[in-house]
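Here is the structure we will look at.
Readers should treat all values here as calculations from the given coordinates under stated rules, not as data from a laboratory. Bear in mind the structure is a predicted one, so any value in this text is a computation, not a measurement. Methodologically, a virtual Cβ is constructed for each residue, glycine included, from the backbone with ideal geometry; neighbour enumeration extends over all protein chains shown.
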Amino acid sequence: MSKILFGIFAVATCFLLGGKLAEALTCNKCTIGLFGRCLIPDTVTCNTTQTNCFTGKASFSGVPGLLGFNTQGCMESTGCNSTTNGTILGAKYEVVRTCCATDKCNPVVSGAGSVQMSLTAAATAALVACVWSSWQY
């Protein structure tokens, strides 16, 4: 009788653990972020080969005042927790990718909260600011 109970317990455990391992990872997603904020934050369900959530930050040391770019999403283990250096058009850059392996473990790079500005509104605000600053008093 104990062998039958042990067999039932073993099969049930396999189903429970197998179901948990087969679940897809959910990560925060940011296709492009500027100035430390994600322009369109979202979540994404990773495919079975993508076992990590990542946050990538690109910064330019040769361009003062430029904070860099951010990106987030799903990633395979290759390339995780790495730093890449290079130059583009004479400006030195560094890309740092950090990874984690639990649901939404990559913190959202958006500090904007629920307020998001459309590209048209941002361009209009910039145009108004330029015109307003050019007026002579």
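Worth a mention:
- R0 of 22 Å, Cβ-Cβ distance residue 101-residue 32: FRET efficiency to nearest 0.05: 0.35
- Two-site label geometry, residue 84 and residue 49: point separation in nm, points 7 Å out along Cα→Cβ: 1.7
- Cross-link partners of residue 104 among aspartates and glutamates, defined as those whose alpha carbon lies under 20 angstrom from its own and excluding same-chain residues fewer than eight positions apart: 23, 42, 76.
- Nearby aspartates and glutamates by direct alpha-carbon distance to residue 57 (threshold 14 angstrom, same-chain neighbours under 8 apart not counted): 94
- Annotation for residue 42 and residue 77: the two label points, set 7 Å from Cα along the Cα-Cβ direction, are 2.9 nm apart.
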